[in-house]
Every structure is written in C-alpha cells, then in structure tokens.
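The values are calculated or read from the model by the stated rules, or taken from the named source; none is laboratory data. Everything numeric here is computed off the predicted structure, so don't read it as measured data. Using ideal geometry, Cβ is built from the backbone for each residue, glycine included, and neighbour counts are taken over all protein chains shown.
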Amino acid sequence: MRHVQKEVVGAAASPAPRERLVVIGNGMAPGRALERLFEAAPESFAVTIFNAEPRVNYDRVMLSPVLSGERTFAEIIIHGDGWYIDHGVTLYKGHRVVAIDRQAKTATSEHGVVAPYDKLIIATGSTPIVIPVPGSTLAGVLSYRDLDDVNAMLLAAQSRGRAVVIGGGLLGLEAATGLKERGMEVSVVHLMPTLMERQLDPPSSFLLREAIEARGVKVYANANTQEILGTDPIPGPSRVRGVRLDDGTVLPADLVVMAVGIRPSAALARDAGLAVNRGIVVGPDMRTSDPDIFALGECAEAHGQCFGLVAPLYDMAGVVAAQLAGDAKAVFNPSATATKLKVTGIDLFSAGDFADGEDRDEIVLRDAARGVYRRLVVKGDHLTGLVLYGDVSHGAWLFDLLKRGADISGVRETMMFGPGAQGCASHDPAAAALPDDAEICGCNGVRKGRIVEAIVAGSTSLESVRAHTKASASCGSCSGLVEQVIRLTIGDAYKPAAVQPVCGCTDLSHDDIRRLIVAKRLKSIPAVMQALEWKTSCGCAKCRPALNYYLLAAWPGEYEDDGQSRFINERVHANIQKDGTYSVVPRMWGGVTNAAELRAIADVVDKFAIPMVKVTGGQRIDLLGVRKEQLPEVWAELNAAGLISGAAYGKALRTVKTCVGSEWCRFGTQDSTGLGIRLEKFLWGSWTPAKVKLAVSGCPRNCAEATCKDVGVVCVDSGYDIVFAGAAGLDIKGAEALCHADTEAETIAIIAALIELYRQQGRYLERIYKWAKRVGVKEIKAQVVDDVAKRRALADRFVFSQQFAQKDPWAERVAGKDAHEFAPLADLAVA
Amino acid sequence: MTQATTAAWIDIGALDLIPRRGARVVRLSQACLAVFRTADDRAFALEDRCPHRGGPLSQGIVHGTSVACPLHGWVVSLATGEAEGADEGRARTFPLRVEGGRILVDISQLAGRRTLQRAS
C-alpha cells in the first residue's frame with residue numbers, strides 16, 4: 001500500500017531497472033524455474049524467495065534414501081547457500097507468507113517482511129492429508145512430507161519400537177522400508193486390496209508385496225483405520241500407542257506415519273482472490289487469474305489436473321521461466337509420467353495407462369525365478385502403458401516410445417526385450433536408440449540432446465556432465481545411460497573414472513561392491529554375483545575371498561561363511577608351508593605363557609615328531625612341519641591345555657605384543673601386559689580386511705615396538721597414547737597419533753571403534769596404514785575420537801559381531817567340522 | 001611311451017565326498033592325485049603338484065574349471081593341466097569319469113613310473 005509510491009520514485013533512477021520477482025515457496029519446482037530463468041534471462045530479475053522451511057532447496061524426491069540411511073541431507077541439497085549468493089537472490093528461510101496484496105503488489109511474511117513484486121510465483125506445494133479419525137492429532141502421529149518429518153521419524157526410530165504406516169502408496173512404502181532399515185518393526189495399513197494400485201497392476205503389485213514382506217514389513221491390505229489409540233492422558237501427555245482397524249484388529253505402535261495423499265496448498269491464493277479449484281487454477285502459460293502471478297508445482301491445477309511427480313512439475317517450471325523471460329508462446333502440456341519406487345533392491349517402473357480394455361492388447365513376460373515381470377499395454381499401433389518389475393533396464397526406451405506416441409507396429413514382437421532386440425546390425429547400447437528429445441534423467445528432466453550439447457561443449461566425464469546438466473545428479477539410476485551417451489558422442493576418447501575393478505570377473509570396485517551388498521541386501525556370494533552381474537560363473541581366487549569377507553562384515557550372525565572361498569590357510573586354520581605341510585601357532589595372550597602351556601607344547605612336539613619349534617616375532621611359538629592330517633589331533637592336545645588358535649594364518653586379529661610394564665619394569669608407567677591381554681581377549685576371533693597386529697608398550701621407551709604396528713598403545717604416566725597405521729613389513733612407516741585415553745576401558749573402546757571402522761571401510765587385503773592413507777587420518781579421528789556417538793555405535797557393532805566370531809576354529813574342527821579337509825579321499829598307497 | 005597300456009579304472013570314492021568348488025587328495029604309492037569337483041558337479045584329476053614350484057593344487061581355490069595354487073597363485077586349468085595367463089607349465093592330468101555318483105580314475109599311466117613325486 002505505502003510501497004506503491006516509493007516504487008515510482010525508485011524506478012526512474014536506474015537506467016535498466018530489474019524487475020522484482022517474488023517466489024513463495026522454495027521447493028524443487030521454483031528452484032528449477034529460477035535455474036532456467038537465470039540461464040535464459042540473466043540479470044533481468046531481482047529475486048526474493050520466502051521459504052516456510054528453514055533451509056535451502058533440496059531434492060524432496062530423495063528424502064526416502066535419507067530416511068533409510070543411504071544418503072545424507074547434505075547429499076540431496078540442490079542449491080546450497082552459495083547459489084543464492086551467486087545469483088543475488090534474497091532468501092528468507094523460515095518465513096511463511098501470510099498475505100498477498102494484489103493491489104499493492106506485495107507479499108507479507110509471518111515475521112512482517114513485506115516484499116513488493118512485479119511478478120509473483122506461488123509455489124506453496126501441498127499438504128499431507130490427515131485422515132480425520134479419532135487420535136489423528138496425538139503426539140507420535142506424523143506425516144511424510146519434508147526433512148522435519150524425516151528427522152522426527154529418525155528420532156522415533158532410535159527407540160527401535162513399532163511403527164504403523166497408513167497408506168501403501170509410493171511414499172508410504174518408502175517410509176515403511178526406510179523405518180525398517182532403521183530398526184523398527186513396521187506394519188503398512190492400506191485401504192485398497194493391492195499396494196500402489198494407481199501405478200501397478202495386480203501381478204506386479206503382488207511381487208512388490210512379496211518383496212516388501214521379505215524385508216520384514218507386515219502388510220495389511222483392505223484395512224481401514226478406525227481410530228488411533230493414545231496412552232492414558234492422566235500421568236502425562238497422551239501419545240500414540242496403537243492403531244485400531246475397523247475389523248477390530250489393534251496394531252501396537254510407538255509411531256504412526258500417515259501417507260495417504262496430498263492436497264494442494266491453495267489457501268493463500270484463495271485468500272488473495274485468485275481462482276482456485278482443487279489447486280490454484282492456471283492457464284497453459286502457467287499464469288493464474290492474475291496475469292502477474294504464476295502458480296507452479298503441486299499447488300497448481302493445470303488442464304483440470306493437479307500433479308505430484310517431479311517430471312511434470314519441472315515441465316511447468318520450464319514454462320514459467322520461459323514466460324518470465326519473454327517467451328509468450330511457452331505452454332505447459334502434461335505428458336505421460338513414469339513412476340519409480342526408491343527402495344533399493346526393489347526395481348519397478350510404471351508409466352501411462354495400463355488398465356485392461358476391450359480395445360487394448362497386453363504383452364506379458366514373466367520370469368518367476370528371476371522375479372521379473374513386464375507388461376506392455378498396446379492400443380492400436382501405440383504403446384499406452386507399461387509396468388516393469390524386477391528388471392527395469394528398458395524402462396527409459398519404452399517410456400520414450402509411449403510418450404512420443406510412436407508407431408510400434410514394426411517392433412511389437414520384440415520391444416519387450418528392449419532396443420537391443422530391434423534388429424540393429426551392431427550391438428548398440430540402449431542410448432543409441434534414443435532420439436535427442438528422449439528423457440535420460442527422469443528426476444531432473446534432462447533430455448539426451450542437452451547431454452550431447454554439454455559433451456560437445458567439453459564435458460567428457462560423468463561428473464562434468466552431471467555438474468553441467470544435472471543428469472544423474474539425483475537418484476543416479478540413469479548414470480549408466482549418461483555414460484553411454486558420452487561414449488556414443490566422443491567414442492574411445494571417453495575414459496570412465498578410473499575405478500580399479502576387484503578382478504576380471506566384474507567392473508565394480510571394492511567400494512562399489514561393499515556399498516551394493518548393503519544397499520541391495522545381498523547375503524550370499526551367488527546373490528552378489530547374480531545381482532551385480534558377475535562375468536564368470538563362480539568368480540575367481542581374487543574376488544571370492546573378498547566377497548566372503550565383505551559379506552561376513554556386513555551381515556554378522558546371518559552370513560554363512562563360505563570355506564571354499566577362503567584361502568587354504570583360513571580354510572584349515574593353519575599356515576601352509578612350501579612343502580605342503582602346515583605350521584601351528586597357538587594364542588599366547590599378550591605374549592605371556594606358563595609351564596603348563598609350555599609342557600603341553602613340548603609334549604605335542606614329541607608326540608607328533610614336529611621338526612621345528614620357533615619363537616615368532618609376535619611373541620608366541622610356532623610349530624612347523626605338521627602334516628595336514630595331523631592337524632586335528634595336534635589341536636585337540638593343545639586345546640586340552642587351554643590353548644586356542646592364534647589365527648597366525650588369518651586376515652584377522654593376530655597378536656598383541658607387550659612389554660612387562662609396571663608390574664616388573666622399573667620404568668613402566670601402566671600395566672601394559674595386562675592391557676595387552678585384555679585387548680587380545682576382547683579382539684580375538686574378529687575377521688578384518690587384512691591382518692591386524694597390535695602392541696602395548698609400558699613406557700615411551702617402547703620395548704614392544706608399538707609405534708610400527710597397525711594399532712599401538714604407548715603407556716604414559718597420565719594414561720594411554722593410542723597410535724595406529726604403522727607398518728614394518730613391505731613398507732616401513734611410523735604410526736600416526738590417534739588420541740590420548742585416560743583409562744584402559746576408554747582405550748579398549750576407542751580401539752574397538754577404530755577396528756570396526758576399518759572392518760567397514762578397508763578394502764580386502766588393504767592394511768590399516770594403506771586404508772588410513774586412502775581415507776585420511778583426520779577423517780578416521782573425526783569418527784572414532786571426536787564423534788562420541790559414532791564411536792559408541794562402532795564399538796557396539798564390533799561387540800555385536802564378536803559374539804559370532806569368538807569361537808575357537810580348532811575346537812570346532814576337533815569336534816568334527818570340515819572333516820573332509822583333513823583326510824585323503826582314498827589312500828591307495830598302502831594297497 | 002609307445003607301448004600300449006590298457007586302461008585301469010579304479011573307483012576312488014563318491015563325488016559327494018568332495019565339496020563343490022573344492023578338491024580332495026587320493027594318495028598313491030608314488031604321488032598324490034588332486035581330484036576336483038566344480039560348482040556344476042564336474043570332476044577332474046590332476047597330479048597334486050603345481051608346475052611352478054610343486055605346490056599342492058588340491059589346496060587351492062577352485063573357480064570355474066581352474067584352480068589357483070595356494071603357494072604363489074598360479075592358475076591351472078583343471079581340464080588340461082596347463083598354467084593359465086602369462087605363466088607356462090603343465091600339471092599332469094588323468095582320465096576321470098563319474099558313473100552313478102562314483103568317481104573312476106584311470107591310473108594306468110602311473111604304473112611303473114617313478115617320475116611323480118609326493119607333494120607332501
């Protein structure tokens with residue numbers, strides 16, 4: 001009101017006055033519109049954004065991976081603070097706009113900021129629908145919409161209690177599996193008979209339900225929520241305790257997530273007198289009933305329809321940007337949209353209209369063993385709908401046929417098998433068959449032509465294309481396609497990022513495999529080889545031991561160790577020698593022994609005529625020249641004296657070397673021997689990427705040589721200096737300081753956390769010093785020293801794994817395990 | 001070498017006694033045989049002696065129809081006994097067949113020969 005006059009005065013002063021653009025809402029759609037606007041008409045607008053959420057623009061589509069723990073919030077930010085600064089955008093975080101004055105052309109925030117505009121974009125998004133049953137406002141009842149909801153769910157998941165998700169659609173299922181990943185017991189309550197009924201047909205919905213249930217999520221279909229039950233309000237504020245269905249079933253719950261749908265947030269526009277139906281009514285040019293005001297995103301209603309998937313919203317954003325930049329011809333035409341479920345390990349893709357009909361034919365492929373289902377719905381010579389489950393690799397190509405309304409009469413028989421089956425002479429990759437306007441990246445609406453442009457302009461790596469076009473920058477599932485486009489465009493000049501594959505059986509790196517084992521929940525070597533498309537039938541001597549270790553580390557207690565994938569020493573728990581005999585090294589805790597143990601060892605040496613007895617560098621005794629078939633008997637005798645395997649053969653905890661410390665030494669400051677023994681008793685049995693040797697010295701004179709070990713402790717008057725990443729083998733390297741600990745308990749906890757982090761990050765056969773060099777000493781310190789919660793989680797995880805690992809392998813074999821290893825199949829020499 | 005030998009098939013045991021992707025040893029008077037079973041239940045017999053430094057092939061990791069020697073990692077073909085990759089050398093192979101779940105090996109070539117040595 002008052003601003004109008006100020007306006008007139010200010011405008012005359014500047015030679016090229018920038019128009020003022022105010023944006024209400026800072027979601028993905030307005031973010032995209034501004035990107036496009038700044039490309040098309042840089043410098044033409046001074047932009048002010050009001051964001052009701054107290055943060056920058058992030059990729060809402062990727063909230064589910066944040067919930068499940070596969071991504072962090074930082075990884076899904078689209079525009080960091082720097083972007084707003086670079087483009088001179090004023091961003092009000094945590095400001096909800098409460099009024100639009102169309103006469104005065106201003107928007108006013110709840111904190112009283114009044115922003116005058118020449119053009120206004122309303123992008124207020126949508127509000128989750130809360131079903132109006134009793135108890136829907138109880139504490140512990142959440143919706144699933146933004147980062148705050150995710151954070152609230154994560155907080156609730158810490159109690160590892162029970163969650164009920166109401167709604168078996170896309171968001172509900174993503175929330176359910178995410179909460180399950182976070183350790184909750186989860187049930188899904190769905191009103192309809194089949195899950196995701198709007199995107200899936202019944203057969204694929206059935207496969208999906210099976211996959212969801214296989215993850216331990218219970219599914220209640222045809223289930224109508226009648227009431228949300230609360231705790232007794234008398235002792236304290238009532239919070240949710242369960243959900244009652246209309247058939248009387250009560251599902252106990254500490255958390256209820258409602259994911260039953262969204263409603264456009266149009267109240268602000270309605271109050272401003274704009275035409276509002278279900279959403280804010282816009283014309284094909286995205287303008288509302290006031291031509292200076294655009295509506296964009298989930299709050300807008302175009303062609304009588306509201307939209308919730310990102311692709312059409314990005315199309316709208318492009319139109320708004322074009323209109324603002326002066327292209328009056330730009331119009332929004334909703335095209336078919338495709339849906340993908342972002343639950344890692346469940347691949348489904350659906351698009352178009354796939355309902356049955358008299359005039360429609362369907363083409364179906366099922367491969368039950370592989371869990372593959374594909375259904376194409378054809379009307380006349382056109383593809384109208386598709387559902388892919390299990391193998392979605394041809395989704396982009398088929399979806400392109402559908403969107404273009406292509407005549408499919410020539411490919412009808414073969415299109416099910418993708419572009420590779422289209423009779424091309426060469427074995428062209430999928431991307432070659434796509435036209436320039438085919439969408440490669442569904443998340444960010446990037447077409448093939450745009451990617452080719454970027455490549456021609458000099459982006460010749462995946463990272464560079466991603467940075468310049470945003471293709472594959474969100475969910476990443478099109479990375480392979482983008483790489484194909486790069487290769488097609490520049491040919492052999494394309495050098496994919498130099499990842500070192502594990503071996504010739506795969507193109508994947510150690511790190512990729514570890515990540516995918518967890519993400520895809522692969523729990524056996526054959527499962528890994530199948531899912532990650534191994535090129536050989538059963539791997540090789542390089543990849544199998546690595547996979548065995550990675551699976552063991554990822555699924556303690558669940559994974560069944562595959563002895564045939566272990567190197568002989570670890571398979572028979574002794575060290576093979578050049579003549580085919582074995583050496584036997586019993587554990588000698590902290591390098592301390594006694595007469596009884598020595599006598600037992602001496603007796604074994606005599607009884608089995610063991611040719612050589614040697615003291616090792618790790619303060620124990622090595623019995624060399626034992627024949628394989630003697631091993632179980634030798635172990636039985638050693639076990640009888642209380643001696644167990646020293647794991648001198650393993651990628652595992654080896655020894656803890658000690659000096660005599662304060663108990664005997666006149667210089668000793670702490671009980672280094674005792675600490676060494678306690679460490680060894682705590683750590684033994686654990687498998688690690690490569691061998692792990694420790695030492696504890698009682699004073700800085702360092703007689704136990706702790707400063708060249710994988711992990712070392714040097715006792716000082718004030719406590720314990722912990723060092724790590726030393727080496728004294730192929731390489732010689734002094735250890736790095738990790739931290740100081742005041743007590744033995746703290747020392748042990750920190751070392752447990754360190755070793756667990758190494759177990760999780762180390763590549764197979766990579767010693768601690770190499771791992772530390774690769775990931776950085778500082779980063780390791782940050783996780784095991786500075787971040788106390790992380791340290792505790794790592795140490796807990798280590799302790800959890802140890803319950804399955806601390807079994808003496810010698811005793812198991814004395815008891816008969818793997819007996820076939822120790823006896824010939826036949827002995828014809830005596831005949 | 002030119003003299004004709006008649007095949008001498010002997011039953012050395014059931015295939016099931018060998019773990020898949022594994023091997024077991026058959027001890028003979030002058031040598032040891034390594035008898036392998038692949039993931040797809042095929043069986044092969046080689047002298048238990050790597051052409052490189054005599055390592056016991058029976059103790060190696062079996063993959064596809066190859067075995068990696070436990071001593072220095074040479075990979076030897078179970079079908080031909082030839083070292084694979086850049087290495088050159090050949091382990092002796094023996095005719096083997098599986099009948100009714102039993103493994104039969106033809107050891108006629110071994111008769112009267114002292115060229116084989118025990119691996120361990």
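Tabulated results
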| item | result |
| --- | --- |
| Members of segment A:660-695 found to be part of a strand (DSSP E or B) and free of Cβ contacts under 8 Å to residues at least 60 places away in the same chain, listed by number | A:694, A:695 |
| Subset of segment A:536-557 (residues that are more than 20 Å from the chain's Cα centre (by Cα), surrounded by fewer than 19 Cβ atoms within 10 Å (Cβ to Cβ) and more than 11 Å from chain B (Cβ to nearest Cβ)) | A:557 |
| Unique match (being within 14 Å of chain B (Cβ to nearest Cβ) and either touching a residue at least 60 places away in the same chain (Cβ under 8 Å) or out of contact with any Gly (no Cβ under 8 Å at 6 or more places or on another chain) (or both)) among A:533, A:570 | A:570 |
| Residue in segment A:290-305 that is in contact with an Asp or Glu (Cβ under 6 Å, 6 or more places away or on another chain) and at negative phi present | no |
| Options A:160, A:96: the member that is within 18 Å of residue A:242 (Cβ to Cβ) and free of Cβ contacts under 8 Å to residues at least 60 places away in the same chain | A:160 |
| Qualifying residue in segment A:581-591 (condition: within 14 Å of another protein chain (Cβ to nearest Cβ), part of a helix (DSSP H, G or I) and under 23 Å from residue A:641 (Cβ atoms)) | no |
| Hits in segment A:697-718 - residues which are part of a loop (DSSP other than H, G, I, E, B) and more than 13 Å from residue A:734 (Cα to Cα) | A:698, A:699, A:700, A:701, A:703, A:704, A:717, A:718 |
| Enumeration of residues in segment A:802-829 that are over 19 Å from residue A:572 (Cα atoms) and more than 8 Å from chain B (Cβ to nearest Cβ) | A:802, A:803 |
| Some residue of segment B:42-51 being touching an Asp or Glu at 6+ places or on another chain (Cβ under 8 Å) and either among the small types (Gly, Ala, Ser) or facing chain A (nearest Cβ under 7 Å) (or both) | no |
| Search result, residues across segment B:18-34 that are within 8 Å of chain A (Cβ to nearest Cβ) and farther than 25 Å from residue A:540 by Cα | B:27, B:28, B:29 |
| Cross-chain or 6+ apart pairs with Cβ under 6 Å, segment A:763-791 first and touching a residue at least 40 places away in the same chain (Cβ under 8 Å) and buried (at least 20 other Cβ atoms within 10 Å of the Cβ), then assigned to a helix (DSSP H, G or I) and among the basic types (Lys, Arg) | A:784/A:791 |
| Options A:359, A:315, A:347; residue that is in contact (Cβ under 8 Å) with a residue 40 or more places away in the chain and within 30 Å of residue A:414 (Cβ to Cβ) | A:347 |
| Strands (runs of 3 or more DSSP E) wholly inside segment A:308-390 that include at least 1 residues being on the phi < 0 side of the Ramachandran plot and modelled with pLDDT of 80 or more | A:348-352, A:360-367, A:372-379, A:382-389 |
| Selection status of residue A:599, within 14 Å of chain B (Cβ to nearest Cβ), of a type in the set (Lys, Arg), closer than 22 Å to residue A:625 by Cα and assigned to a helix (DSSP H, G or I) | no |
| Residue satisfying condition, being of a type in the set (A, V, I, L, M) and closer than 19 Å to residue A:695 by Cα, within set A:634, A:660 | A:660 |
| Residues (under 18 Å from residue A:206 (Cα atoms), over 32 Å from the mean Cα position of the chain (by Cα) and either among the hydrophobic types (A, V, I, L, M, F, W, C) or surrounded by 14 or more Cβ atoms within 10 Å (Cβ to Cβ) (or both)) located in segment A:337-361 | A:355 |
| Pairs with Cβ under 9 Å, 6+ apart, first in segment A:621-639 and more than 14 Å from every other protein chain (Cβ to nearest Cβ) and over 18 Å from residue A:820 (Cβ atoms), second hydroxyl-bearing (Ser, Thr, Tyr) and not in a strand (DSSP E or B) | A:621/A:593; A:622/A:616 |
| Of all residues in segment A:719-735 being in contact with a Phe, Trp or Tyr (Cβ under 6 Å, 6 or more places away or on another chain) and assigned to a strand (DSSP E or B), the one that is surrounded by the most Cβ atoms within 10 Å (Cβ to Cβ) | A:727 |
| Count of residues meeting criterion [modelled with pLDDT under 85 and touching a Pro at 6+ places or on another chain (Cβ under 9 Å)] in segment A:44-71 | 1 |
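Conditions (1) within 27 Å of residue A:826 (Cβ to Cβ); (2) surrounded by fewer than 17 Cβ atoms within 10 Å (Cβ to Cβ), marked per residue:
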position	(1), (2)
A:609	yes, yes
A:613	no, yes
A:628	yes, no
A:632	yes, no
A:639	no, no
A:646	no, no
